[in-house]
1. Which ones in segment 130-151 are in contact (Cβ under 8 Å) with a residue 24 or more places away in the chain and assigned to a loop (DSSP other than H, G, I, E, B)?
2. Give me a count of the residues in segment 88-129 that are charged (D, E, K, R), without any contact (Cβ under 8 Å) to a residue 40 or more places away in the chain and under 22 Å from Ala149 (Cβ atoms).
3. When you scan segment 174-213, how many residues do you find that are part of a helix (DSSP H, G or I), in contact with a helix residue (DSSP H, G or I) (Cβ under 8 Å, 6 or more places away or on another chain) and more than 19 Å from Glu143 (Cα to Cα)?
4. Report whether or not Ala129 is touching an Asp or Glu at 6+ places or on another chain (Cβ under 8 Å), more than 29 Å from Leu180 (Cα to Cα) and among the small types (Gly, Ala, Ser).
5. Is one or more of the residues making up segment 230-239 in contact with a helix residue (DSSP H, G or I) (Cβ under 6 Å, 6 or more places away or on another chain), outside any helix (DSSP H, G or I) and over 29 Å from Gly135 (Cβ atoms)?
6. What's the number of the only condition in (1) closer than 30 Å to Ala6 by Cα; (2) outside any helix (DSSP H, G or I); (3) small (Gly, Ala, Ser) that Ala65 fails to meet?
Amino acid sequence: ASPDPAALTAARELFRARQLAEAQAAYEKLAAAHPGNLEVQVQLGELALRRDDPAAAVVYFEKAAGLDPKSARIQKRLGDAHGTVAMKAPLFSKPGHARKTLAAYERAVALDPAYVEGRLALFEFYRQAPGIMGGGFDKALAEAQAVKALDAARGRVALATLYAGEKQYAQAFAQFQEVLATQPDDYLALFQIGRLAAVTGQELDRGLAALRRCLELTPPTGAGVPTPASIHWRIGTLLE
């Protein structure tokens with residue numbers, strides 16, 4: 001039998017309201033009666049990550065993956081949970097957790113090659129992990145290029161991050177200059193020029209000019225667009 005719709009709705013509302021302890025209790029009650037409900041297992045995994053209990057999150061997301069083995073999103077979150085366990089684990093056990101993280105991310109991308117969040121997670125793993133654990137520049141570069149083909153703006157940020165980490169600053173700035181060459185007042189590209197200058201300590205005057213131009217423009221609509229406050233903060237960082 002399916003969970004009582006009213007009980008499921010109540011648990012969802014508690015989660016949305018960030019009443020996490022109450023949501024935990026509600027979902028645990030649902031799980032006791034309906035252990036095969038996919039949503040309940042996923043939400044218990046999310047709650048475990050939010051309370052910084054990645055080991056419990058792994059258990060819940062593994063159950064969810066068993067219930068829906070074709071879900072790229074669940075595999076990605078399983079990888080996130082394994083990755084958090086790896087960061088907290090003793091040195092001798094990190095490689096095992098890292099392999100599980102990589103396997104989950106690779107599975108997510110294999111299930112849905114157009115899943116940008118999965119590719120970005122795989123990109124970050126390749127970028128940060130040492131070669132002995134499966135990381136590497138060339139692998140990260142390939143993932144960033146794949147992201148760029150799916151979502152140009154996020155792909156440019158990934159590529160710039162990768163190049164900046166390798167101190168290939170000209171290539172990093174070129175990702176956004178590519179946009180400004182034809183759209184000189186592109187708000188997000190200007191912001192990224194300023195952010196990159198602040199993060200790397202390179203091209204400071206160029207970064208300041210880009211951020212000050214942002215303040216003269218009308219910000220685009222949409223989630224995640226830098227606010228004037230955040231731009232002023234970046235300007236302050238550059239001036240400092």
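The values are calculated or read from the model by the stated rules, or taken from the named source; none is laboratory data. Small disclaimer: the values here were computed from a predicted structure and weren't measured. Here the Cβ is made from the backbone with ideal geometry for all residues, glycine too, and neighbour counts use every protein chain on show. To get the accessible areas, we keep the full protein, side chains included, count just its heavy atoms, and leave off ligands, DNA and RNA. Shrake-Rupley method; radii C 1.70, N 1.55, O 1.52, S 1.80 Å.
1. Scanning segment 130-151 gives Gly134, Asp151.
2. Result for segment 88-129: 5.
3. Residues of segment 174-213 that are part of a helix (DSSP H, G or I), as a first pass: 174-180, 187-200, 204-213.
So of that shortlist, the ones also in contact with a helix residue (DSSP H, G or I) (Cβ under 8 Å, 6 or more places away or on another chain) come out as 175-180, 187-200, 204, 206-208, 210-213.
Retained after the next criterion (residues that are more than 19 Å from Glu143 (Cα to Cα)): 177-180, 187-200, 204, 206-208, 210-213.
The qualifying residues number 26.
4. So Ala129 fails the test.
5. No.
6. (2)
Yes/no per residue for (1) at pLDDT 95 or above; (2) open to solvent by 30 Å² or more (accessible area, probe 1.4 Å):
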residue: Gly194; (1), (2): yes, no
residue: Ala198; (1), (2): no, no
residue: Leu204; (1), (2): yes, yes
residue: Ala210; (1), (2): yes, no
residue: Glu216; (1), (2): yes, yes
residue: Ala223; (1), (2): no, yes
residue: Pro226; (1), (2): no, no
residue: Ile235; (1), (2): yes, no
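Residue-by-condition table, conditions (1) modelled with pLDDT of 95 or more; (2) touching a helix residue (DSSP H, G or I) at 6+ places or on another chain (Cβ under 9 Å); (3) of a type outside the set (A, V, I, L, M, F, W, C):
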| residue | (1), (2), (3) |
| --- | --- |
| Ser2 | no, yes, yes |
| Ala23 | yes, yes, no |
| Val42 | yes, yes, no |
| Ala48 | yes, yes, no |
| Val58 | yes, yes, no |
| Glu62 | yes, yes, yes |
| Gln75 | yes, yes, yes |
| Leu78 | yes, yes, no |
| Met87 | no, yes, no |
